[in-house]
Amino acid sequence: MSEKMKFNVSGTTCASCEVLLERELKKVPGVLQVNASHTQQCVELDVAQGTTIALSDLTQAVRGHQYEFSPWKEKTSHSWNLPRIGGVLLVVWVVWYVLHSYGLLAITPTVNGSSGLMAIFMIGVIASLSSCTAILAGLILAISANHAKHNVSESTHDRLRPHILFNMGRVLGFGFFGALIGLVGSLLVLTPGLNAIFVLLVALMMLGIGANLLNLVPKGALSVHPPKWLSHKIHALQDSSHPAMPFILGALSFFLPCGFTQSVQLYALSTGEPLTSAVIMMVFALGTVPALFGVGAATSLTKGNTLKYLTQAAGVMVLVIGFSQFGNALTLLGVGSVSAPTQEQLTIAQDALVLTEDGKQLIQMEVASAGFYSPEVLQVVAGIPVEWEIYGPEFMGCFDTLISRGLGISTRLTQGINVVEFTPTKPGNYTFSCSMGMSRGTMVVVPNDK
């Protein structure tokens, strides 16, 4: 026979907290089963009949973590703080505008040392300091303790080995699984329309995660995370004495629930490129290494308001990337892809046209190795057929598809010279982009006055 007991718990932020609470509280004498919920901020215990559990027992079980228990009381519903939401959105817009203006949001597989990857790295650093990785801290300490139990007379280097292996496994595992989700993303790229819908869904999910990190919505709303049983299965491996287990657990930490990790996973998925996705996930994992390796307990580094502000900064970056993805999806859907040419563009000299022998306009462009179109702005005259020569490098990633809904263009590009032919009929500025809408150019069509 068993009895149920319920307590409020503050300090929970995500599904990682649920797993940590369930694993640690189950060690309390008399506790048979634990069910934690970060959305309701409570824990429900199944205890042996006649067992008394005090608040101090629960606090002692999770000492070192920022959880506080209190007698059960029904929580009031979440109230929307519209002024705060408006303020956050203003900050997000400013950050997006600055980063977009300097091209720091475009992460393409052809970019060497892309500045945009620094944002991913910083999200990794902040994630390693947040309560979301409290579950990782417990995992690392368990690995270390288990290793020491079986190897009592090893040198300092040998005692550090499980930490080294765990972080190596984490970085390489994130790269491997990142490549797999990039491959999944590439398989989902069926048509420009379906691809646009896919990018739009990813953007909406990222916006939901960012809103959760910033507490703009009720806890747990708009969030999707791996099943809890998977996290418990991964943690069950920590008791193994196999020398490769720290490396394996580091790799499998890819599947542990964390809002920061999930947001970056979604971003990597949306690239539709295995190599790009692998690089993004490895950069994120590298950002977590200093804290996870340096102390073995990430949550002990930063607490209180400092941690709160860092988490909010990361939440803003997730929203910025989410809004950027939303814009990419709109580009692929053709929303706002056509605008009127400016007066300066209308003054284009007719004699500047380059015509082929059969009377077609000839324009040339290349996919630069740095990951952009060169030139990014092209000009043609309406009513005259166009022969568009595009040079593709050896590796193009998402640049291997050229899309412009306004011009009716959707074509695959290969290495070397590609020729796209079309006839512009209506003056305007037409956006063209890669298959993910991340990198864009403009085709300016001016009236034919002759």
GluC sites (Glu not before Pro) within segment 19-76, DSSP loop, no more than 15 other Cβ atoms inside 10 Å: 74
Proximal charge balance of residue 415 [Cβ under 15 Å; K/R count +1, D/E count -1]: -3
Chain lengthening between residue 40 and residue 2 when straightened (0.36 nm per residue, less Cα-Cα): 11.4 nm
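Ratio of Rg to Rh for segment 338-446, alpha carbon only, Kirkwood?
In segment 338-446, Rg relative to Rh is 0.95.
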Neighbour-count ranking [beta-carbon atoms within 10 angstrom, fewest first] of 401, 288, 411: 411, 401, 288
Amide hydrogen neighbours beyond the local backbone of residue 72, cut-off 5 Å, H modeled: 8
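At 0.692 mPa s and 37 °C, plugging the Kirkwood radius over alpha-carbon pairs of segment 2-71 into Stokes-Einstein gives what diffusion coefficient in µm²/s?
Details: Rh = 11.7 Å.
Using the Kirkwood radius from Cα pairs, D works out to 280 µm²/s.
For residue 118 and residue 82 in the same chain, what is the full-extension length gain: residue separation times 0.36 nm, less their Cα-Cα distance, in nm? Numbers along the way, then the final one.
Numbers: separation 36, 0.36 × 36 = 12.96 nm, distance 3.13 nm.
Working it through step by step, the gained length comes to 9.8 nm.
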Chain lengthening between residue 357 and residue 384 when straightened (0.36 nm per residue, less Cα-Cα): 8.4 nm
Nearest-0.05 FRET efficiency for residue 70 and residue 97, computed from C-beta distance (R0 51 Å): 0.75
FRET efficiency, residue 176 to residue 377 (Cβ-Cβ, R0 41 Å, nearest 0.05): 0.55
Pairwise label distance in nanometres, residue 56 with residue 364, each label 7 Å out on the Cα-Cβ vector: 8.3 nm
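No lab work stands behind these numbers, since they all come straight from the coordinates. What you see is a predicted model, and the numbers here were worked out from it, not measured in a lab. Every residue, glycine among them, receives a Cβ derived from its backbone with ideal geometry; neighbour counts consider all protein chains shown.
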